[in-house]
1. Label residue 36 and residue 98 with points 7 Å out from Cα along Cα→Cβ: what is the distance between them in nm?
2. For the stretch 61-175, what relative contact order do you get, as a whole percent, if you take Cα pairs closer than 8 Å and at least 6 residues apart?
3. Picking from 63, 173, 33, whose Cα lies most toward the positive end of the charge dipole for the chain (charges on Cβ: Lys, Arg +1; Asp, Glu -1)?
4. Going from most exposed to least, what order do 168, 62 have by accessible area with a 1.4 Å probe?
5. Given Cβ point charges of +1 (Lys, Arg) and -1 (Asp, Glu) and nothing else, what value in debye, to the nearest 20, does the dipole of the stretch 44-132 about its Cα centre take?
6. How much accessible area per residue does the stretch 17-175 have, in Å², with a 1.4 Å probe?
7. Quick one: helix 53-74 against the long Cα principal axis of the chain, what's the angle to the nearest 10°, folded into 0 to 90?
8. What does the highest-first list of 42-51, 82-91 look like by mean Cβ count within 10 Å?
Amino acid sequence: MTDSTPAHSSSAWPRSDAAGLKFRAAGEADKPFLSRLYASTRVEELAVTDWSEAQKAAFLAMQFQAQHAHYHTHYPEADWLVVEQAGQDIGRLYIERWPSQHRVIDIAFLPIHRRKGYGTALLRDLIDEARLTGKYVSIHVEKNNPARGLYVRLGFAVVEDKGVYDLMACSPADP
């Protein structure tokens, strides 16, 4: 993570602004929060294991580091953003803007901030931003991810089956 990555101004994103969402570039000091956020996305999956809490913590730390390295290797020009609301870190948005599309690398919120419309506001604003320049918005989504329904409601459709994941995209044309 670099502290020099520009944070996105929410003033261009009216729904996010109305929801009180702010964005700032993620830095090294954010790694503990980002690791905790990552772990929160894996709770249900690990609940069915017979691992000890120490084993789960070690696994999650390893997986977070691997994901972090993978993302930075494969998306070198991305914006690595921490999502804030009311002065608290509540989520992350990783996005890389390519000539043909905006690729959402990852979007996640802490459990207490899920299902409150923040993801909808943020994604609608992102879709609008992309459409202004004739671009698609795309994201890899696990087949069992509960957020799939949101993506479909927002106009995303599966464009490629990647096994465990589907590549979903939202057309630059108005729905």
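The values are calculated or read from the model by the stated rules, or taken from the named source; none is laboratory data. None of these values were measured; they are calculated from a predicted model. A quick note on method: Cβ atoms are made from the backbone with ideal geometry, for glycine too, and the neighbour counts reach across all protein chains shown. The accessibility values were calculated without ligands, DNA or RNA, using every heavy atom of the protein model including side chains. Shrake-Rupley method; radii C 1.70, N 1.55, O 1.52, S 1.80 Å.
1. Reported label-point gap for residue 36 and residue 98 is 3.4 nm.
2. Numbers: 160 pairs, mean separation 20.6, N = 115.
Relative contact order comes out at 18 percent.
3. After comparing all options, I get 173.
4. Working: 168 5, 62 110 Å².
In descending accessible area the options line up as 62, 168.
5. Values: 9 positive and 13 negative charges, 47 e Å.
For this selection, approximately 220 debye.
6. Values: 8370 Å² over 159 residues.
Counting only protein heavy atoms, the per-residue value for the stretch 17-175 is 53 Å².
7. Compared with the principal axis, the helix lies near 30 degrees.
8. On the way: 42-51: 10.0, 82-91: 17.3.
Final packing ranking: 82-91, 42-51.
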